[in-house]
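Below you'll find the structure, written out as structure tokens, and then a few comments.
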Amino acid sequence: MYNTRMSRFALLLSLAAMANAVAAPVDIDTAAQLYQAAAIREQVRASLGSMPAHIRKLFQGNTSAPLSDTQLTAVNVAAVRAFRIDVFEAPALSAFASNLDAETVKKAETFLASDTGKRWVAADVGLASLSDEDADKIMNGDMTAAATPQRTVLFEKLERAERSSESTIQILLTMGTAVALGTAVGSGMEPGPVEERARKSGEASRQTLEDNMREPMRRYVAYGYRDLSDADLKHVLSFLQSTAGKQYISAYMASLDAGFHAMGRRCGEQLGESLRELAMAQLATEHVDPAPPAIAKPHP
């Protein structure tokens, strides 16, 4: 009995070691090669130009504590300084590597090197490069691509396999948390409780937001992939539904989350400093003693 138990225990240890070996994260250089093949830098860089306007809209939508024009200018300046590819890339690459393993990298690189993989990446870069106006038209259904019942079904499956809605909502929630933190720091509040409230609020609304985003994102994917053939779409879907494809998408989402969190945090920190300086300047102005009245010139 003792030997049997020891043999089972040894087998379990061996299986655990094998599982850990397979799931071991890859190094940064290996992750960077896949990151480059997927054109993640190009996709993110194309979206950064519109981020200051999005952050400004988030503040303008806060009607309970409206900001002045000077404060809104500080919001814009902070966002421009924070939403840069060099702020995004280091944490994004680290998270990407931590969520990849050698087998996933091998299969993902093979797929991305195929003709279909290259067309898929090019389509994603094209989507990221769309103007906000065109993106809104596509999501609202004002700009559409030719469709067939078969392609509609494929796009519904692709949207879920790519986890497009989840990724979009995660980025929006990250931006909302950055806004809350920036406002808290700028007003002298303790940032910890504010961040916790923002996180809980986001989690409470996450599922509803994702459900509401699915149809707009399906239109978005359908438009972006309009030049891919049905065979291409099936090939992409086959990869995304594979074990390696699912792990690749998880790593991709972790990368975006880490990168946008870093940019959002940088934005909040810089914005907090700017709002504090504005508040101190305003306070100093309000407490300046009025100038003494001019002494009347005596008559000769």
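Can you tell me which of ARG160, ARG219 is crowded, with 21+ Cβ neighbours inside 10 Å and of a type in the set (D, E, K, R)? Step through it out loud before you land on a result.
Values: ARG160 fails: crowded, with 21+ Cβ neighbours inside 10 Å.
Of ARG160, ARG219, the one residue that is crowded, with 21+ Cβ neighbours inside 10 Å and of a type in the set (D, E, K, R) is ARG219.
Pull out all pairs, ordered by first then second residue, where Cβ-Cβ is under 6 Å, the residues are six or more apart or on different chains, the first lies in the range 62-73 and is within 15 Å of GLN282 (Cβ to Cβ), and the second is modelled with pLDDT under 85 and aromatic (Phe, Trp, Tyr).
Pairs found: LEU67/PHE59.
So, ALA178, is that one modelled with pLDDT under 80 and either farther than 30 Å from TRP120 by Cβ or hydroxyl-bearing (Ser, Thr, Tyr) (or both) or not? Walk me through how you get there before you give the answer.
Numbers: modelled with pLDDT under 80: yes; either farther than 30 Å from TRP120 by Cβ or hydroxyl-bearing (Ser, Thr, Tyr) (or both): yes.
Yes: the conditions hold for ALA178.
Going by the structure shown, is ARG151 of a type in the set (D, E, K, R), surrounded by 14 or more Cβ atoms within 10 Å (Cβ to Cβ) and at positive phi? Full working, then the answer.
Details: of a type in the set (D, E, K, R): yes; surrounded by 14 or more Cβ atoms within 10 Å (Cβ to Cβ): yes; at positive phi: no.
When the stated conditions are applied, ARG151 does not pass them.
Sort through ALA123, ALA97 and tell me the only one that's of a type in the set (A, V, I, L, M, F, W, C) and under 30 Å from ALA231 (Cα atoms). Please lay out each step first, then the result.
Values: ALA97 fails: under 30 Å from ALA231 (Cα atoms).
After applying the criteria, what remains is ALA123.
Of the residues ALA46, ALA65, ALA23, which single one is surrounded by 15 or more Cβ atoms within 10 Å (Cβ to Cβ) and either at pLDDT below 90 or small (Gly, Ala, Ser) (or both)?
On the way: ALA65 fails: surrounded by 15 or more Cβ atoms within 10 Å (Cβ to Cβ); ALA23 fails: surrounded by 15 or more Cβ atoms within 10 Å (Cβ to Cβ).
None of the other options fit; the residue is ALA46.
Being surrounded by fewer than 17 Cβ atoms within 10 Å (Cβ to Cβ) and either at pLDDT 85 or above or touching a Phe, Trp or Tyr at 6+ places or on another chain (Cβ under 7 Å) (or both) is the filter here, so list the residues in the range 242-300 that pass it.
SER242, THR243, LYS246, SER250
LEU181 is checked against (1) surrounded by fewer than 19 Cβ atoms within 10 Å (Cβ to Cβ); (2) farther than 30 Å from SER242 by Cα and fails just one. What number does that condition carry?
The single condition LEU181 does not satisfy is (1).
Here are some conditions: (1) touching a residue at least 12 places away in the same chain (Cβ under 8 Å); (2) closer than 18 Å to ALA251 by Cβ. THR110 meets all but one. Which one does it not meet?
Result: THR110 passes all but (1).
Every residue, every condition in (1) at pLDDT below 90; (2) crowded, with 16+ Cβ neighbours inside 10 Å, yes or no:
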residue	(1), (2)
ARG56	yes, yes
GLY61	yes, no
ALA74	yes, yes
ARG84	no, no
PHE88	no, yes
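Which one of THR148, THR144, THR110 is out of contact with any helix residue (DSSP H, G or I) (no Cβ under 7 Å at 6 or more places or on another chain), at pLDDT below 95 and among the β-branched types (Val, Ile, Thr)? Before you say what the answer is, go through the steps one by one.
Details: THR144 fails: out of contact with any helix residue (DSSP H, G or I) (no Cβ under 7 Å at 6 or more places or on another chain); THR110 fails: at pLDDT below 95.
Answer to the check: THR148.
Does the range 225-241 contain at least one residue that is closer than 25 Å to SER165 by Cα, modelled with pLDDT under 95, in contact with a helix residue (DSSP H, G or I) (Cβ under 6 Å, 6 or more places away or on another chain) and assigned to a helix (DSSP H, G or I)?
Within the range 225-241, not a single residue is closer than 25 Å to SER165 by Cα, modelled with pLDDT under 95, in contact with a helix residue (DSSP H, G or I) (Cβ under 6 Å, 6 or more places away or on another chain) and assigned to a helix (DSSP H, G or I).
The values are calculated or read from the model by the stated rules, or taken from the named source; none is laboratory data. Because the structure is predicted, anything quoted here is derived from the model rather than measured. No Cβ is skipped: glycine too gets one built from the backbone with ideal geometry, and neighbour counts run over all protein chains shown.
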